[in-house]
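Reviewing the structure listed below.
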Amino acid sequence: MNGSEKMFFRQLFDKQSSTYTYLIADETTKAAILVDPVLEQVERDLQLIQELGLTLRYCMETHIHADHITGTGKLRQLTRCLGIVPENAPASCADKQMKDEEILEIGSIVIQAIATPGHTDSHLAYLVNNERLLTGDSLLIRGCGRTDFQSGNAGTLFDVITQKLFTLADEILVYPGHDYKGFTVSTIGEEKQYNPRFRGHTRKSFIQFMSGLNLPNPQKMMAAVPANLRCGDEVLANN
């Protein structure tokens with residue numbers, strides 16, 4: 001919570017998919033945003049929003065997820081909030097697509113979109129009040145998102161991390177879309193210095209490293225991607 005900006009900020013976790021959801025609200029207007037909501041956690045998130053006396057205005061996706069089904073569809077039904085996805089994301093169900101460098105203001109909160117493709121071909125990071133960066137699956141704490149499906153591209157990811165995110169101020173806090181080791185937050189300066197995916201790597205060696213990971217597909221991929229292309233609404237229709 002930042003007193004000068006009257007911003008409420010909360011990090012929420014889904015254990016099954018190791019996904020972080022972020023609740024951001026203006027404490028004066030009580031208007032709220034959820035970033036990367038998870039379908040199975042909708043009741044938890046709504047209870048928190050109601051307890052705090054907030055009104056959910058937007059659900060924002062960093063990208064089309066392959067490891068969990070978004071809660072946006074259900075939340076839109078329950079709260080009439082608007083769904084936002086990155087520009088060119090293949091989700092025609094969204095109420096709005098955000099472009100690179102586009103600004104969303106909600107009370108005293110200013111959120112700037114930063115295009116960070118590479119994990120997928122349409123991906124945004126969200127810079128909140130120029131002090132917190134929600135990186136989605138692009139830059140993780142001591143890691144980065146995979147690049148081997150959903151039109152991912154390792155060279156593109158290397159470029160956007162090193163040329164766009166790592167040129168931000170060192171003190172900006174990094175809040176990832178996932179963590180698998182118990183980390184919750186880092187900084188730009190810390191990741192530049194210690195992230196093994198980028199420290200000591202050239203673009204060429206990074207591409208070679210990423211091509212050799214041979215990771216298994218996410219367990220929910222076959223269900224999650226089609227559902228998320230419909231903002232989660234397909235799942236609701238089948239339940």
Task: the chain: Lys pairs at Cα distance under 27 angstrom, eight or more positions apart or on different chains - done: 22
TODO: Just rank His63, His178, fewest to most, by other beta-carbon atoms within 10 angstrom.
DONE: His178, His63
Open item on the list: As a footprinting exposure proxy, order Tyr22, Tyr180 by other Cβ within 10 Å, with the fewest listed first.
Closed with: Tyr180, Tyr22
Task: ³J(HN,Hα), Karplus 6.51/-1.76/1.60, whole Hz, each residue of the range 114-131, x for Gly, Pro - done: 10, 5, 9, x, x, 5, 10, 7, 9, 8, 10, 9, 10, 8, 9, 6, 6, 9
Open item on the list: I'd like the FRET efficiency for Phe13 and Gln50, computed as 1/(1 + (r/R0)^6) with the beta carbon distance as r and R0 of 22 Å, rounded to 0.05.
Closed with: 0.65
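Note the full-extension length gain between Lys6 and Cys93 as 0.36 nm times their separation in residues minus their Cα-Cα distance, in nm to one decimal.
Gain in length upon complete extension: 28.1 nm.
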Task: Gyration tensor verdict on the range 107-239 (Cα atoms; rounded if a/c is under 1.5, prolate if a/b is larger than b/c, oblate otherwise) - done: oblate
Open item on the list: Based on Cα coordinates alone, diagonalise the gyration tensor for the chain, multiply each eigenvalue by 5, take square roots, and list the semi-axes in whole Å, largest first.
Closed with: 27, 22, 15
Task: Net charge over other residues, Cβ less than 15 angstrom from the Cβ of His201 (K, R count +1; D, E count -1) - done: +4
Open item on the list: Springs between alpha-carbon pairs under 10 angstrom, Gaussian network model over the chain: which of Asp137, Asp179, Asp95 fluctuates most?
Closed with: Asp95
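Of Thr28, Thr135, how do they rank once you tally other Cβ atoms within 10 Å and put the fewest first?
Neighbour counts put them in this order, fewest first: Thr28, Thr135.
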- [ ] Report the Cys residues of the chain lacking a disulfide-compatible partner, meaning no second Cys Cβ under 4.7 Å from their Cβ.
- [x] Cys59, Cys81, Cys144
Open item on the list: Taking the Cα centroid of the range 159-185 and of the range 30-87, what is the distance between the two, rounded to the nearest whole Å?
Closed with: 22
Open item on the list: If I model a spin label at Arg199 and Phe183 as a point 7 Å from the Cα along the Cα→Cβ vector, what separation in nanometres do I get?
Closed with: 1.0
TODO: Would you please put 12-18, 225-231 in order of how densely packed they are, using the mean number of other Cβ atoms within 10 angstrom per residue and starting with the highest?
DONE: 225-231, 12-18
Open item on the list: Quick one: 3J(HN,Hα) in Hz for the range 87-103, Karplus 6.51/-1.76/1.60 with θ = phi - 60°, rounded, Gly and Pro as x.
Closed with: 4, 6, 5, x, 10, 5, 6, 5, 7, 8, 10, 9, 9, 4, 6, 5, 10
Open item on the list: 7 Å from Cα along Cα→Cβ at both Thr167 and Glu40: what's the point-to-point distance in nm?
Closed with: 4.0
- [ ] For an R0 of 45 angstrom, estimate the FRET efficiency from the Cβ-Cβ distance between Asp148 and Arg80 and round to the nearest 0.05.
- [x] 0.75
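None of the figures in this text is laboratory data; all of them are computed from the coordinates on show. Predicted model only: the values in this text are computed from it and were never measured. Note that each Cβ is placed from the backbone with ideal geometry, even for glycine, and that neighbours are counted across all protein chains shown.
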